[in-house]
Structure formats: C-alpha cells, structure tokens
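The values are calculated or read from the model by the stated rules, or taken from the named source; none is laboratory data. Quantities reported herein were computed from a predicted structural model and do not represent experimental measurements. Every residue, glycine as well, gets a Cβ built from its backbone with ideal geometry; the counts of neighbours run over all protein chains shown. Quick note on the areas: whole protein, heavy atoms, side chains included, nothing else; ligands and nucleic acids left out. Shrake-Rupley method; radii C 1.70, N 1.55, O 1.52, S 1.80 Å.
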Amino acid sequence: MPADGIELRPKNEILSFEEIVRLSRLFAHEGVTKIRLTGGEPLIRRDIEHLVSALRAIDGIESIAITTNGLLLSQKLAGLKEAGVTLFNISLDTLQSDRFKTITRRPGLAKVVTAIEDTWKSGYDPVKINCVIQKGVNDDELLDFVELTRDRSYEIRFIEFMPFGGNAWNNEQFMSYEDMLSHVRLAHPNLARSTDHPNHTTKMWQVPGYQGRVGFISSMSDNFCSTCNRLRLTADGSLKVCLFGASEVSLRDEMRSGKSDEELLSIISLAVGNKMAAHAGMMKLSEMHNRPMILIGG
Ligand SMILES: C[S@@+](CC[C@H](N)C(=O)[O-])C[C@H]1O[C@@H](n2cnc3c(N)ncnc32)[C@H](O)[C@@H]1O
C-alpha cells in the first residue's frame with residue numbers, strides 16, 4: 001500500500017462475480033486448474049464465500065487459494081472452508097507488535113497470529129505464511145520465523161522485496177535469497193533442501209526434525225520466469241501475463257462490449273503469446289512504471 005493510500009474505484013469498474021466466473025470458466029477450459037484470490041484484501045469483498053463456491057463448481061478447477069492479511073480470517077474461516085478454499089497464504093512480516101503497526105500502518109498482530117493458529121487447527125496443512133524481508137526493517141526476525149516451523153506444519157515463505165509503484169523500494173533495503181539463506185544456515189547448519197513443485201515459486205528447505213518448512217521466493221536475485229505459468233486478473237478486469245510487466249488488456253471492457261467467449265479466448269491467447277521470456281531485472285523494474293502491488297495482487 002503506497003503511503004498516501006489509493007483512490008477507491010467506483011463499484012461498476014470492478015468485475016462482478018458473474019464476470020469473474022465467466023472468465024474463470026474460459027481459463028479452466030484452456031487448462032487452468034488453480035485459482036488464487038488475492039488483492040487488495042480479498043476478505044473485505046462482500047460474499048466472498050459465494051464466489052469461492054461458484055469457482056469451485058467450475059469443471060477443471062481443483063484448487064482455490066486465498067492470500068490474505070489475516071485480519072478478518074478467524075471470523076470468516078468456517079464459511080470459507082465450507083465454500084471450498086483449499087489453501088490459505090497469510091501475510092505476516094513481523095512478530096513484533098510495534099513493528100507490525102509501522103509496516104502495515106495499523107494494529108492487529110494478535111489477530112493475525114490467532115488467524116494462523118485457527119487455520120492450522122481447522123485442518124489446513126500446510127498453512128503458508130508470506131514474509132517479505134527488508135534489510136534494517138525485519139531481517140533480524142528471520143530465525144524467529146524459522147522457529148514457528150518447529151512444532152507446526154507451517155510453510156514460511158521469505159519473499160525478496162520487489163519494486164512496485166509507490167512502495168519506496170531501494171536497493172539498500174533489498175536482501176537476497178542467498179543472504180537470507182546464509183543467515184538461517186548460521187543457526188541451522190543442517191538445514192536441508194526439500195523438493196519443490198516444478199511450477200512453484202518457492203525454493204523449499206527444512207530444519208531436520210521440524211514439522212514445517214521454510215522457503216525463499218527469489219523473484220529478483222534468481223528469477224523463475226522460465227517456469228512461471230501464472231496469469232493475473234486484476235479486480236478491475238485487466239489481464240496481466242507478468243507481475244512485473246506494465247502491459248495489460250482489459251477483459252472487462254471486451255466482455256462489456258459484447259465479445260463472445262471465442263473472441264475473449266483469442267484475446268487472452270494473444271496476450272499470453274506476447275508474454276516476455278523474463279522480467280526486466282530488479283534495477284530496471286525499480287525505474288519502470290507499474291501498478292502499486294495493492295492494485296495488482298500478489
Ligand atoms: C499484495 S498482498 C495481497 C493480499 C493480501 N492483502 C495480503 O496482505 O496478503 C499479496 C502478497 O504480496 C506481498 N507483497 C506486497 N508487496 C510486496 C513487495 N514489494 N515485494 C514482495 N512481496 C510483496 C505481500 O506481503 C503479500 O504476501
């Protein structure tokens with residue numbers, strides 16, 4: 001979230017549930033099996049459970065994941081589980097309440113920690129925790145996060161800090177995967193590499209004897225563009241074939257102008273065909289125009 005916040009869009013610019021489901025059907029028809037609802041904050045969308053149920057009912061969709069800041073999760077967990085959410089990623093960058101307030105610009109650490117526990121107790125295994133590491137901000141907490149994996153099958157995903165519009169990114173704050181790994185290995189020399197899924201973004205490791213695992217998302221220092229098969233649809237209906245690419249096509253406008261499913265599929269296919277082999281690299285990205293992360297969805 002940029003320091004100055006963002007201007008809220010009028011409701012009619014945001015995709016309706018019917019539009020999201022229509023596009024999801026098309027994607028599923030072309031082979032997509034997993035949908036992630038992110039944001040912004042997905043749990044503030046009214047009746048999100050209805051959307052989850054509708055997406056879950058689409059032929060070919062096997063998994064519905066949600067990435068959330070966790071603040072509303074405990075109260076919505078049972079409904080979302082019943083609706084068919086298969087996986088939760090909960091974002092948490094610090095375990096210290098003052099720091100939480102500084103980073104997120106609001107209180108709520110206890111709520112997020114409770115939400116993580118509630119999710120795990122309700123049977124989600126693993127529960128994934130997204131932790132963006134910034135030098136001088138929270139890099140001294142790496143080992144505290146690793147410790148969360150001792151008795152619980154949490155997957156802590158340490159994410160390299162990426163440049164986006166309005167996030168005041170600078171190279172001094174950047175901590176690479178290699179540096180994070182070396183730091184964790186000083187305390188856990190036996191840290192063992194574990195297997196990753198071929199299209200997953202995370203390099204997974206485990207402290208021997210611990211229940212959970214720790215992973216590293218090295219989007220900047222060691223990108224995984226060649227195996228990335230993700231597509232992003234923004235809340236206002238733009239298709240982004242790369243998180244770091246500024247090019248977008250408005251599927252909302254195409255749908256609302258009366259395009260048929262076949263026509264939409266050929267627009268999607270053209271956009272996917274134009275996907276670059278790799279993103280531009282960290283320093284160039286820091287100078288490029290892109291939406292703020294909150295208007296894309298990670
Ligand atoms: C943009 S948030 C949206 C979903 C939800 N509101 C949340 O807080 O999880 C999705 C994920 O992107 C991560 N993220 C945001 N800005 C980032 C950045 N500059 N570099 C790396 N990860 C980032 C967040 O920490 C979060 O885990």
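Answer rounded, prolate or oblate for the chain, using the Cα gyration tensor with square roots of eigenvalues a ≥ b ≥ c: rounded when a/c is under 1.5, else prolate when a/b is larger than b/c, else oblate. Since a/c reaches 1.5 and a/b is larger than b/c, the shape of the chain is classed as prolate. Net length available on complete extension from ALA168 to CYS225 is 18.1 nm, with 0.36 nm assigned per residue and the Cα-Cα distance removed. Among ASN12, ASN89, ASN223, the largest mean-square fluctuation in a Gaussian network model of the chain (Cα springs under 10 Å) belongs to ASN12. Looking at the square roots a ≥ b ≥ c of the eigenvalues of the Cα gyration tensor of region 125-230, which shape do they give, rounded for a/c under 1.5, prolate if a/b is larger than b/c, or oblate? The shape class here is oblate. Only helices enter this figure: runs of n ≥ 4 DSSP H residues, each worth -39500 (n - 2.57), summed and divided by the residues of the chain, yield -9500 deg cm²/dmol at 222 nm to the nearest 500. Secondary structure note: in region 125-230, about 35% of the DSSP beta bridges are antiparallel. Beta bridges from DSSP with both residues in the chain: antiparallel share about 30 percent, rounded to the nearest 5. The residues of the chain present an accessible area of 50 Å² per residue when probed at 1.4 Å with all protein chains retained.
Contact order, relative form, for the chain: 16 percent (alpha carbon pairs under 8 Å, 6 or more residues apart, mean separation divided by residue count). The trypsin sites (Lys or Arg not before Pro) found in region 85-152 that occupy coil by DSSP, while having at most 12 further C-beta atoms within 10 Å, are ARG105, ARG150.
When the chain is treated as a GNM with alpha-carbon contacts under 10 Å, the residue of GLU172, GLU82, GLU141 showing the greatest mean-square fluctuation is GLU172.
For the set LYS135/LYS240; LYS128/LYS203; LYS34/LYS135, the pairs lying more than 22 angstrom apart at their alpha carbons are LYS135/LYS240; LYS34/LYS135. Shown for the chain: the carbon plus sulfur share of the solvent-accessible area, taken with all protein chains present and a 1.4 angstrom probe, equals 51%.
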